[in-house]
1. Does region 9-27 include one or more residues that are among the β-branched types (Val, Ile, Thr), within 13 Å of the chain's Cα centre (by Cα), open to solvent by less than 20 Å² (accessible area, probe 1.4 Å) and at negative phi?
2. Given the conditions (1) over 21 Å from residue 191 (Cβ atoms); (2) part of a helix (DSSP H, G or I); (3) out of contact with any Leu (no Cβ under 9 Å at 6 or more places or on another chain), which single one is not true for residue 57?
3. Go through region 92-106 and count every residue that is out of contact with any Leu (no Cβ under 7 Å at 6 or more places or on another chain) and part of a loop (DSSP other than H, G, I, E, B).
4. Considering each residue of region 156-172, count those that are open to solvent by 20 Å² or more (accessible area, probe 1.4 Å) and touching a strand residue (DSSP E or B) at 6+ places or on another chain (Cβ under 8 Å), and give that number.
5. Can you tell me which residues in region 43-63 are more than 18 Å from residue 31 (Cβ to Cβ) and open to solvent by 50 Å² or more (accessible area, probe 1.4 Å)?
6. When you scan region 64-85, how many residues do you find that are part of a loop (DSSP other than H, G, I, E, B) and either surrounded by 20 or more Cβ atoms within 10 Å (Cβ to Cβ) or not β-branched (Val, Ile, Thr) (or both)?
Amino acid sequence: LFIGHSFFRPIAEQMSFHAPNAGFADHTQSTVFSGGASGAPKALWDNPTKRAKIQAALDDGQTELFGMTYHPDHPTLEGYQNWIDYALARNPATTFFVGFPWLTSPGSVDAGTYRTTWQGAYDTIAKRIVDDLRLNYPGVVIFSIPYGRAAVELYTLFAADALPDAESLVSSDSRGIFSDDFGHPDAILRELSALVWLRAIYGVEISRYDYDPGYETDLKAMADAIMAGHDSRYDASWC
């Protein structure tokens with residue numbers, strides 16, 4: 001079950017292809033989304049219509065993995081705790097993750113600043129959320145996915161004139177990293193982020209995954225490098 005906003009939805013939706021394609025034939029998923037801040041866990045809990053859809057997906061007790069995201073308009077743990085409490089009451093074996101996205105307005109800063117700002121936010125926000133949730137839910141598997149790093153790495157390559165697949169930072173014709181100035185993902189960012197998810201969730205070594213992303217840039221090696229460089233204390237226990 002994946003719930004989130006527009007920096008989360010395009011990645012989650014690709015898992016319905018990648019997981020079975022990587023050999024996980026029993027993978028099924030439910031998705032509930034809302035744009036911007038309204039896709040934060042707390043906002044979705046407070047939205048009666050969205051809340052009912054998510055609860056309906058959890059009520060059969062079959063959800064094994066529940067993924068949520070982050071939005072700065074809702075920085076507290078309350079939304080995560082509401083959903084974790086509800087999910088565990090239906091299936092005590094549920095595993096949870098927080099997917100931490102990339103930053104908005106990428107063109108407003110240079111690549112180096114984008115990198116340091118994102119990493120600082122991840123270290124102080126995403127890790128704290130996971131630490132605090134683990135403290136409140138001992139014995140429950142809770143991890144993070146640093147898929148926002150995909151944008152950082154692509155932007156770094158682009159700034160070094162080493163990303164032949166992107167003609168511009170922002171493009172409306174699938175030749176950029178981002179599809180608009182706000183930072184919605186273009187195709188290459190969606191693709192790399194999905195490969196990061198596949199490794200983070202299923203432990204797939206992406207370089208050995210029988211799949212061609214269709215880019216000159218080696219996105220599979222990049223996905224592996226992103227997860228290899230991730231603080232392993234925040235990985236899923238099986239990775």
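The values are calculated or read from the model by the stated rules, or taken from the named source; none is laboratory data. Quick caveat: nothing in here was measured; it's all calculated off a predicted structure. FYI the Cβ positions are ideal-geometry reconstructions off the backbone, even for glycines, and counts take in every protein chain you see. To get the accessible areas, we keep the full protein, side chains included, count just its heavy atoms, and leave off ligands, DNA and RNA. Shrake-Rupley method; radii C 1.70, N 1.55, O 1.52, S 1.80 Å.
1. Step one: of region 9-27, the residues among the β-branched types (Val, Ile, Thr) are 11.
From the residues that got through so far, the ones that are within 13 Å of the chain's Cα centre (by Cα) too are 11.
If we keep only those that are open to solvent by less than 20 Å² (accessible area, probe 1.4 Å) too, we end up with 11.
Keeping just the survivors that are at negative phi gives 11.
For region 9-27, residues among the β-branched types (Val, Ile, Thr), within 13 Å of the chain's Cα centre (by Cα), open to solvent by less than 20 Å² (accessible area, probe 1.4 Å) and at negative phi: present.
2. Of the numbered conditions (1) over 21 Å from residue 191 (Cβ atoms); (2) part of a helix (DSSP H, G or I); (3) out of contact with any Leu (no Cβ under 9 Å at 6 or more places or on another chain), the odd one out for residue 57 is (3).
3. Residues flagged as out of contact with any Leu (no Cβ under 7 Å at 6 or more places or on another chain) and part of a loop (DSSP other than H, G, I, E, B) within region 92-106 amount to 8.
4. Number satisfying all stated conditions: 5.
5. If we filter region 43-63 for residues that are more than 18 Å from residue 31 (Cβ to Cβ), which is where we start, we get 46, 48, 61.
Answer for region 43-63, where residues must be more than 18 Å from residue 31 (Cβ to Cβ) and open to solvent by 50 Å² or more (accessible area, probe 1.4 Å): 46, 48.
6. 8
To keep it simple, each residue is scored yes or no on (1) touching an Asp or Glu at 6+ places or on another chain (Cβ under 8 Å); (2) modelled with pLDDT under 95; (3) surrounded by 14 or more Cβ atoms within 10 Å (Cβ to Cβ).
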| position | (1), (2), (3) |
| --- | --- |
| 109 | no, no, yes |
| 115 | no, no, yes |
| 123 | no, no, no |
| 127 | yes, no, yes |
| 130 | no, no, yes |
| 134 | no, no, yes |
| 146 | no, no, yes |
| 150 | no, no, yes |
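Yes/no matrix, rows are residues, columns are (1) of a type outside the set (Gly, Ala, Ser); (2) buried (at least 20 other Cβ atoms within 10 Å of the Cβ); (3) without any contact (Cβ under 8 Å) to a residue 40 or more places away in the chain:
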position: 185; (1), (2), (3): yes, yes, no
position: 193; (1), (2), (3): no, yes, no
position: 203; (1), (2), (3): no, no, yes
position: 208; (1), (2), (3): yes, no, yes
position: 212; (1), (2), (3): yes, no, yes
position: 215; (1), (2), (3): yes, no, no
